[in-house]
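Only one structure is covered here, and it is reproduced in the block below.
Nothing in this text is a laboratory measurement; each read-out follows from the coordinates by a stated rule. Bear in mind that the values here come from a model prediction, so they are computed numbers and not experimental data. Here the Cβ positions follow ideal geometry from the backbone for every residue, glycine too, while neighbour counts run over all protein chains shown.
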């Protein structure tokens, strides 16, 4: 589900960038939701950790923590830019997060 | 704005305090805008440069994560490849920081970093095909950055193009036609 959502955010930001609009409240909320989803994912992973003892924990949480750091930083960087390139930043970051989530999915055994 | 200090006593203090705060904030904003305008190289991270900086930042993050994992835990498994990853991480961090700082010196450092990256990805990419035994595990530049969607291959060239464009934008105006509020970048 997280994959789907980050892809959605990527698509939305991309459309915004293409339509020459600055990052607005909708994308702000969208970004915040992505952050929350990642946090939820983290909590859930910790809770069900016992069920998959073979997963490489450091790798998995490395990806997760990186994603968690990237989202607010990218958000700040995107919102400080008033032109269309703001959402472009968000699109790039969201796409990267999507890739990271796919990777996390692959790692989780 | 000073005229409003004649309002009724109860509001006068808060009104003038608020106004002074607003005035101060406005002055601060003007000063930082002036500071930013003074180094015209700060255009580096505006417009499309914003995305460039963001992608470098993302790559830097990814590289840091990868390197921390590889170097701290599994260095023995593929020391050459992991050392390369560490090197590339440093270069990406350097490029990101330089793009964010955005002044003349960091511009030149960023150019050097991009050139280094371009060479790195080409050389290491080629080596990963001709001497695969050196690369027991992948590094960022293996196979021309295939593991990262070929972004490491394309990015330094885009970076160089952007940096050169900024340089061109800055240089003609540096000719000595004196403009009062500008100091030489």
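Here are the numbers for this structure:
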{"quantity": "Residues residue A:39 and residue B:169, FRET efficiency given R0 of 30 Å [Cβ-Cβ distance, rounded to 0.05]", "calculated": "0.15"}
{"quantity": "Extension gain from residue B:119 to residue B:71, taking 0.36 nm per residue of separation minus the Cα-Cα distance", "calculated": "15.0 nm"}
{"quantity": "Virtual spin-label span in nm between residue B:23 and residue B:134, 7 Å along Cα→Cβ", "calculated": "6.6"}
{"quantity": "Pair residue A:107, residue A:65: separation of 7 Å Cα→Cβ label points (nm)", "calculated": "1.1"}
{"quantity": "Convex hull volume of the stretch B:98-170 per residue (C-alpha atoms, cubic angstrom)", "calculated": "83"}
{"quantity": "Cα-based Kirkwood hydrodynamic radius, the stretch B:41-171, one decimal, Å", "calculated": "14.8"}
{"quantity": "Full-stretch length increase - residue B:161, residue B:100 - with 0.36 nm per residue and alpha-carbon distance subtracted", "calculated": "20.3 nm"}
